[in-house]
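The values are calculated or read from the model by the stated rules, or taken from the named source; none is laboratory data. Fair warning: this is a prediction, and the values are worked out from it, not measured in the lab. In this analysis, Cβ positions are derived from the backbone assuming ideal geometry, glycine residues included, and neighbour counts consider all displayed protein chains. Keep in mind that these areas ignore ligands, DNA and RNA; they rest on the heavy atoms of the full protein, side chains included. Shrake-Rupley method; radii C 1.70, N 1.55, O 1.52, S 1.80 Å.
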Amino acid sequence: PPVVTTTAATNVVCTGFRANWGAVPTATAYYLDVSTDPAFGSFVGVYNNFNCGNVLFRDITGLSGSLNYYYRVRAFNFCGQNANSNVTSVTTAPPIPIVPTGLTASNINCTSFTASWNASPDALGYTLQRATNSAFTAGLATYNPGNVTTYNFTGLTAGTTYYFRVLATNACGSSVYSAAQTISTLPPPAV
């Protein structure tokens, strides 16, 4: 059969991706190689001349985050197997980020305060929660400020204790929440 053309990987996450290729007339099966070496001196798991059957993709799982992988395909029919396709590279997504550290509050006044924290490696965003009890069941509000390390909580009630915490997120998932911190907004002015 003619030589296969591989196409860009899809469904890329930290632990895998979908290898894709185009159809070849007369092919009855496709054989896949996956490697961390662009020269294919070694192979990942069972993906050394792996028989995918007569389909145009294969989901590769059990991989590591933030690594470069390469794949190539050969078509097969009863006359034989063709030459290797082009090589397609893909980088898996970063692993689940670690819990953010250094959560603190500043600029505390009657109705607002600013939370800040240290950046978490591999984070693509953060989620904050604010509540009026330590179980995070009363007065709960959740915020998604994006990939920043500060957030200004506004619209609060004067003279009230608040609890707040943060977690890091990326394409592979979320860390657990950090330890909660506590602040009290300033009381209203005396009459």
Out of everything in region 104-128 that is open to solvent by less than 20 Å² (accessible area, probe 1.4 Å) and hydrophobic (A, V, I, L, M, F, W, C), what residue ends up being nearest to the chain's Cα centre (by Cα)?
A123
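I'd like the residue in region 129-148 that is in a loop (DSSP other than H, G, I, E, B) and open to solvent by 50 Å² or more (accessible area, probe 1.4 Å) and, out of all such residues, is farthest from A190 (Cα to Cα). Don't jump to the end; show me each part of the working.
Going through region 129-148, the residues in a loop (DSSP other than H, G, I, E, B) turn out to be 132-140, 147-148.
Keeping just the survivors that are open to solvent by 50 Å² or more (accessible area, probe 1.4 Å) gives 132, 134-135, 137, 140, 147-148.
Working: T132: 23, S134: 28, A135: 31, T137: 31, L140: 28, N147: 40, V148: 37 Å.
The extreme case among them is N147.
Residue under question is G80, and the condition is that it be at positive phi, open to solvent by 70 Å² or more (accessible area, probe 1.4 Å) and of a type in the set (G, A, S); does it hold?
Numbers: at positive phi: yes; open to solvent by 70 Å² or more (accessible area, probe 1.4 Å): no; of a type in the set (G, A, S): yes.
Answer is no for this residue.
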Kindly provide the set of residues from region 1-51 that are more than 13 Å from Y70 (Cβ to Cβ), assigned to a loop (DSSP other than H, G, I, E, B), among the hydrophobic types (A, V, I, L, M, F, W, C) and within 23 Å of the chain's Cα centre (by Cα), ordered by number.
C14
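Matching residues to (1) in contact with a strand residue (DSSP E or B) (Cβ under 8 Å, 6 or more places away or on another chain); (2) at pLDDT 95 or above:
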residue	(1), (2)
N48	yes, yes
L56	yes, yes
Y71	yes, yes
Q81	yes, no
V90	yes, yes
A105	yes, yes
T111	no, yes
Filter region 172-191 for residues that are touching a Cys at 6+ places or on another chain (Cβ under 9 Å) and either of a type in the set (D, E, K, R) or not in a strand (DSSP E or B) (or both) and give the result.
C172, T185, L186, P187, P188, P189
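For region 104-128, how many residues meet the condition of being assigned to a strand (DSSP E or B) and under 30 Å from S64 (Cα atoms)?
Of region 104-128, the ones assigned to a strand (DSSP E or B) are 104-106, 113-116, 125-128.
From the residues that got through so far, the ones that are under 30 Å from S64 (Cα atoms) too are 125-128.
Summing the residues that are assigned to a strand (DSSP E or B) and under 30 Å from S64 (Cα atoms) in region 104-128 gives 4.
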Checking S42 against (1) farther than 17 Å from A83 by Cβ; (2) in contact (Cβ under 8 Å) with a residue 40 or more places away in the chain, which test does it fail?
(2)
For V4: the one exception among (1) open to solvent by 20 Å² or more (accessible area, probe 1.4 Å); (2) touching a residue at least 40 places away in the same chain (Cβ under 8 Å)
(1)
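Please state which one of T157, T169 is part of a strand (DSSP E or B), touching a residue at least 40 places away in the same chain (Cβ under 8 Å) and among the hydroxyl-bearing types (S, T, Y).
Working: T157 fails: part of a strand (DSSP E or B).
Sole residue among the options that is part of a strand (DSSP E or B), touching a residue at least 40 places away in the same chain (Cβ under 8 Å) and among the hydroxyl-bearing types (S, T, Y): T169.
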Here is a check on your reading of the model: is S66 more than 13 Å from P1 (Cα to Cα), at pLDDT below 95 and assigned to a loop (DSSP other than H, G, I, E, B)?
yes
Within region 85-103, of all residues that are polar (S, T, N, Q) and open to solvent by 70 Å² or more (accessible area, probe 1.4 Å), the one farthest from R18 (Cα to Cα) is T101
Conditions (1) surrounded by 12 or more Cβ atoms within 10 Å (Cβ to Cβ); (2) more than 30 Å from P145 (Cβ to Cβ); (3) of a type outside the set (V, I, T); number of the one not met by A39
(1)
So L67, is it among the hydrophobic types (A, V, I, L, M, F, W, C), under 27 Å from the mean Cα position of the chain (by Cα) and open to solvent by 50 Å² or more (accessible area, probe 1.4 Å)
yes
Which members of region 173-183 meet the condition of being of a type in the set (S, T, Y) and surrounded by fewer than 13 Cβ atoms within 10 Å (Cβ to Cβ)?
T182
